[in-house]
Number of protein chains: 2
Amino acid sequence: MNHITHFIDQVKFNADGLVAAIAQDAESGEVLMLAWQNADSLRLTLEKGEMVYFSRSRQQLWHKGESSGHRQIVKNIAIDCDGDAVLAQVTQIGGIACHTGRKSCFYRQFSPAQGVIDNAPVLKDPKAIYDE
Amino acid sequence: MNHITHFIDQVKFNADGLVAAIAQDAESGEVLMLAWQNADSLRLTLEKGEMVYFSRSRQQLWHKGESSGHRQIVKNIAIDCDGDAVLAQVTQIGGIACHTGRKSCFYRQFSPAQGVIDNAPVLKDPKAIYDE
């Protein structure tokens with residue numbers, strides 16, 4: 001059994017065959033996004049060294065950056081104590097993980113005074129990201 | 001409608017009424033753990049300023065640190081672009097988030113040479129954490 005298979009065997013996928021996967025900027029530590037992986041996408045991630053998720057809405061493998069160019073190069077990848085979450089430290093190509101054109105997807109911040117505030121700038125117009 | 005309710009209304013809970021919640025060390029940026037919250041636990045988190053999760057195994061609210069003392073003081077909390085994940089920056093009391101006595105739960109790292117390696121020390125014997 002190779003080492004990739006050994007690693008994947010430690011993961012406890014949920015009833016839908018998925019595990020939550022966090023992508024974190026390897027340099028700044030900023031949490032970029034949370035998406036989902038099935039066993040195939042986790043295997044491809046480890047083989048290619050780039051994040052491959054499973055799109056729940058499209059029900060298919062989703063090689064991050066395939067349309068936007070905003071690929072995520074894996075530097076480290078780990079699972080948690082009970083094996084039901086993945087954490088990947090990545091280099092975010094283009095500096096944009098979010099489909100809204102922001103660096104991180106976690107830009108909708110709780111504000112005791114206002115409820116929700118937008119805490120991050122749009123770095124690139126989403127239309128420009130996906131029309132290129 | 002108060003601001004906490006306004007924030008919670010932006011969250012898309014899954015079919016089980018839960019949302020994935022990431023806790024990140026507010027100072028170092030280290031990702032500490034991923035657990036789950038229902039609307040009640042997210043509300044309590046915002047009201048108390050400490051992380052309250054929902055334990056799927058025990059099917060009840062789980063105020064982090066209630067038995068270990070390792071509470072998580074919330075500094076910032078945000079949701080992602082599609083509202084199905086929560087990211088909290090926290091001060092981790094005791095410097096230990098994991099029930100194994102490690103700082104972070106994400107210590108089982110992929111190694112191309114060995115499969116899985118343990119990348120973090122046990123800072124405190126789990127027996128000592130829960131017997132105190």
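Rule-based calculations on the coordinates, nothing more; no lab input. Just so we're clear, the structure is a prediction, and the values are computed from it rather than from any experiment. So basically every Cβ, Gly included, is an ideal-geometry build from the backbone, and we count neighbours across all protein chains shown.
Using each residue's phi in segment A:113-128, evaluate 6.51 cos²θ - 1.76 cosθ + 1.60 at θ = phi - 60° and report the 3J(HN,Hα) Karplus result to the nearest Hz, with x for Gly and Pro.
Karplus-based 3J(HN,Hα) across segment A:113-128 equals 8, 10, x, 10, 10, 8, 9, 8, x, 6, 8, 8, 4, x, 4, 6 Hz.
Which of A:Val19, A:Val86, A:Val122 moves the most in a Gaussian network model of chain A with Cα springs under 10 Å?
Judging by the Gaussian network model, the answer is A:Val122.
If Lys and Arg each add +1 and Asp and Glu each add -1, what is the summed charge of the other residues whose beta carbon sits under 10 Å from the beta carbon of A:Asp118?
Working: positive: A:Arg102, A:Arg108; negative: none.
Taking every Cβ under 10 Å from that of A:Asp118, the sum is +2.
Using alpha-carbon positions, what is the distance between the centroids of segment A:7-80 and segment B:64-89, in Å?
The two parts, judged by their Cα centres, are 22 Å apart.
I want to verify a result. In a Gaussian network model of chain B, Cα cutoff 10 Å, which of these has the top mean-square fluctuation: B:Gln114, B:Gln59, B:Gln89?
With Cα springs under 10 Å in chain B, the top fluctuation among B:Gln114, B:Gln59, B:Gln89 is at B:Gln114.
For the Cα atoms of chain A, what angle does the longest principal axis make with the long axis of helix A:39-48, in degrees from 0 to 90, nearest 10?
80 degrees
Work out the length of the dipole vector of segment A:38-88 about its Cα centre, built from +1 on the beta-carbon of each Lys and Arg and -1 on the beta-carbon of each Asp and Glu, and round it to the nearest 20 debye.
Roughly 260 debye for segment A:38-88.
Given a 10 angstrom Cα cut-off, can you work out which residue in B:Ile96, B:Ile117, B:Ile77 is the most mobile in a GNM of chain B?
Comparing B:Ile96, B:Ile117, B:Ile77 in a Gaussian network model of chain B, the most mobile one is B:Ile117.
For B:Lys48, give me every one of the lysines with a C-alpha distance below 21 angstrom, ignoring sequence neighbours fewer than eight places off in its own chain.
Filter leaves B:Lys64, B:Lys75.
What is the calculated FRET efficiency for B:Gln114 to A:Asp82, with r their C-beta to C-beta distance and R₀ = 25 Å, to the nearest 0.05?
About 0.75, to the nearest 0.05.
Between the label point of B:Gly17 and that of the same position in each other copy, find the distances and list them shortest first in nm, with every label point placed 7 Å from Cα along the Cα-to-C-beta direction.
For B:Gly17, the inter-copy label distances come out at 3.0 nm.
Only Lys, Arg, Asp and Glu count, each charged at its Cβ (+1, +1, -1, -1), so figure out the dipole size of chain A about its Cα centre, rounded to 20 debye.
Values: 13 positive and 16 negative charges, 49 e Å.
I would put it at about 240 debye.
Taking the Cα centre of the protein assembly as shown as origin and charging only Cβ (+1 Lys, Arg; -1 Asp, Glu), how large is the dipole, in debye to the nearest 20? Walk me through the numbers on the way to the answer.
Working: 26 positive and 32 negative charges, 3 e Å.
Dipole size: approximately 20 debye.
Rank A:Thr45, A:Ala15, A:Gly101 by how far each Cα sits towards the positive end of the charge dipole of segment A:1-125 (+1 on Lys, Arg Cβ; -1 on Asp, Glu Cβ) and give me just the farthest.
Of the listed residues, the answer is A:Gly101.
Please identify the trypsin sites (Lys or Arg not before Pro) of segment A:29-68 that satisfy two criteria: DSSP loop assignment and at most 15 other Cβ atoms within 10 Å. Which are they? Don't jump to the answer; show the numbers that get you there.
Working: sites: A:Arg43, A:Lys48, A:Arg56, A:Arg58, A:Lys64; in loops: A:Arg56, A:Arg58, A:Lys64.
Answer in residue order: A:Arg56, A:Arg58.
Once you keep just the Cα pairs under 8 angstrom separated by 6 or more residues, what percentage relative contact order results for segment B:1-54?
After rounding, I find 30 percent.
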